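The structure appears right after this line, and notes come after that.
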Amino acid sequence: MKKFKFTTVSTIINEPGGVSNIGEIISPLGYKNVLVIADKGIVNAGLFDKLIKGLNDSNIVNVAFTDIGPDPKEEMVSASVSVAKENNVDCIIGIGGGSVMDVAKVTAVIAKNGCTLADIYGIEQVRGGRLPLLLIPTTAGTGSEVTSSSVISHASGKKNVVIDPTLLPDIALLDVEMLSSMPKQIVSTTGVDAIVHAIEAYTSSTKKNPISDMLACEALRYLLGNIEASFQVSAAEESRSKMLLGSTLAGQAFANSSVAAVHAFAYALAETFHLPHGLSNSLVLIHILRFNIGKEVTLYSDLSRNLFPEVIGKSDREAAEYLISRLENIIESIELNKGLREFDIRAEDLEKLAELTLKQERLLNNNPCKIEYRDALQIFKNAF
Ligand SMILES: [Fe+2]
């Protein structure tokens, strides 16, 4: 067996209503003065109030920083670090989607050891630890509560990444009640993102390992089995609870095995047309899988046989095609079966998108087969 390394969070708590019981989680650990990082959407949805009440009920002093938007900027991190330092906090709680958790992770580092963002951009540049960190996701998609990365944008729009195991929180708290008011469109796009995390982790050419494989398969059982039910307005709590756990399992898988071409294409779309991340993934997913199985079918047939007993005994090609057809059906039923042209993207934009995609070398290197410029352009044409 080849050498591998697997790193993840030390504690995952899955507790419906856990946010209201936050005091019972925090108090035994001795934290008494907490900075809560959230965004305005979380505040407006009333989720923030539940957390603050839970802290207050346990006499835990708390301050809040909620000035966070999508694609979080360096200034937001500076501001949240200032709040942490001015109040001499001893713990950071991030409650929200990927942007909030990205800010919470680097705030915990900088508030502890006095470094700057520039000092920690890159891979494994963090020195000196971080403040205790608890992350609470409010969508079932990013898996950021169990990943060791944070993406922060410069004022120019350039995205910088911090990847370091120090960013893994002490506790990931999964409370399905935080997902109760999630709109359908967020359920669908974030859910597809989680599905892509698991598929790309399982089919990564470089870092997949037996633990990430196991997590990716289990994640897909939860995600594929519940995304359509979860998409309904009156979704049962159980389906969203399983999506939330599936997203976390997928996060643990891709934090160790890495995502690949779907994310490379999605980042090019997000950078140019500012489409939501999960939507960008959904627009190219099927077309990239079709390209990949034409070159490297066995990873996908293995995955399909792990998920669907009905394809055991079928050929590699048939098994892989079955996985794609199941994904196509799901994408249609959650109303994401759209072409790029429906998002003000023009045919003449595709060459630029293909060029931008090729710049995502780190991600493309994880793809199970090589993607050249002409391949990327054809995939965008197919997705158009
Ligand atoms: Fe993603």
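The values are calculated or read from the model by the stated rules, or taken from the named source; none is laboratory data. Model, not experiment: these values are computed from the prediction. Using ideal geometry, Cβ is built from the backbone for each residue, glycine included, and neighbour counts are taken over all protein chains shown.
Quick notes
- Failed item, numbered, when V259 is tested on (1) in a helix (DSSP H, G or I); (2) within 16 Å of the ligand (Cβ to nearest atom); (3) touching a helix residue (DSSP H, G or I) at 6+ places or on another chain (Cβ under 6 Å): (1)
- Residues in the stretch 88-109 that are more than 28 Å from S180 (Cβ to Cβ) and buried (at least 24 other Cβ atoms within 10 Å of the Cβ): 3 in all.
- The stretch 180-214 - residue that is surrounded by fewer than 24 Cβ atoms within 10 Å (Cβ to Cβ), more than 26 Å from C369 (Cβ to Cβ) and not polar (S, T, N, Q) and, of those, modelled with the lowest pLDDT: M182
- Any hit, the stretch 150-164, residues being more than 16 Å from the ligand (Cβ to nearest atom), assigned to a loop (DSSP other than H, G, I, E, B) and in contact with a Phe, Trp or Tyr (Cβ under 6 Å, 6 or more places away or on another chain): no
- Residue list for the stretch 215-251, filter: away from the ligand (no atom under 14 Å from the Cβ), crowded, with 24+ Cβ neighbours inside 10 Å and within 30 Å of L353 (Cα to Cα): L220, I227
- Selection within the stretch 127-139 - touching a strand residue (DSSP E or B) at 6+ places or on another chain (Cβ under 9 Å) and part of a loop (DSSP other than H, G, I, E, B): R130, L131, P132, T138, T139
- Search result, residues across the stretch 181-200 that are small (G, A, S) and within 11 Å of the ligand (Cβ to nearest atom): A194, A198
- Selection from the stretch 76-104 of residues that are touching an Asp or Glu at 6+ places or on another chain (Cβ under 9 Å) and either among the charged types (D, E, K, R) or not assigned by TED's automatic domain parsing to the domain that holds V36 (or both): none
- Residues being under 30 Å from L223 (Cβ atoms), of a type in the set (S, T, N, Q) and modelled with pLDDT under 95 - total across the stretch 150-167: 2
- Any pair with Cβ under 7 angstrom, 6 or more apart, that starts in the stretch 259-276 at a residue that is touching a residue at least 12 places away in the same chain (Cβ under 8 Å) and ends at one that is of a type in the set (F, W, Y) and more than 9 Å from the ligand (Cβ to nearest atom): F273/F343; L275/F343
- Scanning the stretch 105-126 for residues being on the phi < 0 side of the Ramachandran plot and in a strand (DSSP E or B) gives a total of 1.
- Considering only residues in the stretch 272-316 that are modelled with pLDDT under 95 and β-branched (V, I, T), the one that is nearest to the ligand (Cβ to nearest atom) turns out to be T272.
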